[in-house]
Amino acid sequence: MTLHISEAAPHQIEADAVVIGVTKESGGAVPVPGTKDVDEALGGSLAQTLATLGVTGEAGEITKIPSAGQLTAPLIVAVGMDAPAGGDATFDPEVLRRAAGSAVRGLLQARPPGSTEDMRIALALPARDSAEAAAVALGALLGGYSFRRYRSEPAPGASLTVLAHASDAAAAVQRAQVIADAVALVRDLVNTPPSDLVPATFAARAEQVAANSGLAITILDESALADGGYGGIVGVGQGSVHPPRLVRLEHAPEGASRSLVLAGKGITFDSGGLSLKPAKSMEAMKSDMSGAAAVLGAIQAIAALRLPVRVVAYLPLAENMPSGSAQRPSDVVTIFGGTTVEVTNTDAEGRLVLADVLAASAADSPDILVDVATLTGAQIVALGPRVGGVMSNDDGLREAVVDAARRAGDAMWPMPLPAELGKGLESAVADLVNLPADSRGGGMLIAGLFLQEFVPDGVRWAHLDIAGPAFNESAPYGYTPKGGTGAATRTLVQLAQDMADGRL
């Protein structure tokens, strides 16, 4: 997929389809800024045509209108954007992202089977300044994503052109391309079958990213992990024929004075171990490495954007399988740094691999430490499949992460860490248990409290539970496909940008 920017008039652009926006008002759909040229080319009939076709302007609604030779492009695509921004106000970036994504996704999915030529799509959505132009570009790129590695037919190609007149639009659109590339990397990793993405192959992919991005990288194999005292990662991975790995990447620009450490759960497949999951619950467990993928994608984008912040990324990678060598319920493991944990349930494994790297991050002296994980089913019970939970040992940081997520386009909600729930983590034989005997209530929060035990003293830390939004098992919507979504990737990049800007 290629992306261009142009100041051409919508009615003159060489394209197969021109995308315009319409909003929902009491009298029906109303064209948004950017459609005047198209309306004039149609002889001022656009509003009447929309009304005749019963267009409502609901978000994501797609209506195709033949241009009848009045435009160079043979097809006009009106995409619903819901309520208007009001007056001359700019549109919320997420509204534009979703509109562009819906239009591009709909056009590409409607292509006849076997089509080989790239579809040329011009986006005449509001792009009056760099923010709007970037939102349109990013939404279009994300909406055009397709995972075709295992299909006999190639992915449908597209040439995207954002019609914008803002003087600084080109730089903003280029940034959108960098972010889209990072999200596509994450989606590809999450969608890859677990037999083709074991810890060693995930680590090899990280090596490729490091080489292409100028990142320093260190990879520890199972022997080095055992020698180094990473008992959580070793314990979780010991039941699999595919041994665990720990990947550490670093973006260290000269003169950077702030340090951000990112850690992502990387369980390449989660059977539950000896605490075996029901078969239905395993179907999406190739996505249990979404946190590690998001961290890898984020540091790739951070390096490409040359953000002047030191960023260290940890990817603890393991496959959680049942076997004669698997860890057992009631085993005790020693986490990096010496804390012992009684493993009461082998299916609460993500917190064990994260505990190792959170404790190890003390050596990096982070100003801010953020982990991201598909950690608990309780997150989905509490917040549903599209909204992630944010917990923190610092109220200000928690709110800053939620705000960064909102601006980036990830849905996140602030959650507490009630101290009284921590009582359930007490063990009769070790320092902690990984899962309380009664974990029916507040499971997401209890997992956060467990992780908090391994955060270095004095470090501001936030935990993002993305169990629901990381993998979309329902129909596509907006720019979000079915399968891996790339959740949290944009939030992590935004946090690095906020640190670079002195906002965080």
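Listing for the model above:
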item	result
The stretch 1-120: antiparallel DSSP beta bridges as a percent of all, rounded to 5	65 percent
Cα centre as origin, Lys/Arg/Asp/Glu Cβ charges: the chain dipole, Debye	820 debye
Antiparallel DSSP beta bridges within the chain, as percent of all bridges there, nearest 5	45 percent
Per residue, in Å², the accessible surface of the stretch 440-504 once ligands and nucleic acids are set aside, probe 1.4 Å	32 Å²
Correct option for semi-axes √(5λ) of the Cα gyration tensor in Å [calculated from the coordinates] among (i) 44, 22, 21; (ii) 42, 29, 20; (iii) 36, 29, 21	(i)
Largest-first ordering by accessible area, 1.4 Å probe, given options Tyr145, Tyr150	Tyr150, Tyr145
Structure-based [θ]222 nm, the chain - -39500 (n - 2.57) summed over DSSP H runs of at least 4, per residue, nearest 500	-10000 deg cm²/dmol
Estimated vicinal HN-Hα couplings, Hz - the stretch 212-227 in sequence order (Karplus 6.51, -1.76, 1.60; Gly, Pro = x)	6, 10, x, 9, 6, 9, 10, 10, 9, 8, 5, 5, 5, 5, 5, 5
Extreme residue, positive dipole direction of the chain, given options Ala462, Gly106, Val30 (C-beta unit charges)	Gly106
Principal-axis tilt of helix 489-500 within the chain, Cα atoms, nearest 10 degrees	90 degrees
Distance violations [Cα-Cα > 29 Å] among Lys64/Lys280; Lys24/Lys280; Lys64/Lys286; Lys36/Lys64; Lys265/Lys423; Lys64/Lys482	Lys64/Lys280; Lys24/Lys280; Lys64/Lys286
Contact order normalised by residue count of the stretch 322-424, Cα under 8 Å, 6+ apart, percent	16 percent
Alpha-carbon centroids, the stretch 412-474 and the stretch 328-399: separation in whole Å	6 Å
Per residue convex hull volume, Cα atoms of the stretch 212-271, in Å³	119 Å³
From phi via Karplus (6.51, -1.76, 1.60), per-residue ³J(HN,Hα) for the stretch 323-333 in Hz, x at Gly/Pro	6, x, 9, 5, 5, 10, x, 5, 5, 10, 10
Three-way shape call for the stretch 292-343 based on the alpha-carbon gyration tensor, with the a/c threshold at 1.5	oblate
Between the stretch 128-195 and the stretch 476-504, the alpha-carbon center distance in angstrom	13 Å
Chymotrypsin sites (Phe, Trp or Tyr not before Pro) restricted to DSSP loop in the stretch 404-504 with at most 16 other C-beta within 10 Å	none
Computed over the stretch 19-74: relative contact order in percent, which uses C-alpha pairs under 8 Å that are six or more apart	33 percent
Fully extended contour minus Cα-Cα distance, from Ala204 to Gln12, at 0.36 nm per residue	64.4 nm
Label zone at Ser330, where the point sits 7 Å out along the Cα-to-Cβ direction: the stretch 337-356 residues whose backbone N lies under 20 Å	340-349
Cα gyration tensor shape of the stretch 26-74, rounded if a/c is under 1.5, else prolate or oblate by comparing a/b with b/c	prolate
Beta bridges per DSSP with both ends in the stretch 375-504, % antiparallel, nearest 5	70 percent
Helix 395-408 vs. the chain, principal-axis angle (Cα, 0 to 90°, nearest 10)	40 degrees
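The values are calculated or read from the model by the stated rules, or taken from the named source; none is laboratory data. Because the structure is a prediction, the values reported are computed rather than measured. Every residue, glycine among them, receives a Cβ derived from its backbone with ideal geometry; neighbour counts consider all protein chains shown. Keep in mind that these areas ignore ligands, DNA and RNA; they rest on the heavy atoms of the full protein, side chains included. Shrake-Rupley method; radii C 1.70, N 1.55, O 1.52, S 1.80 Å.
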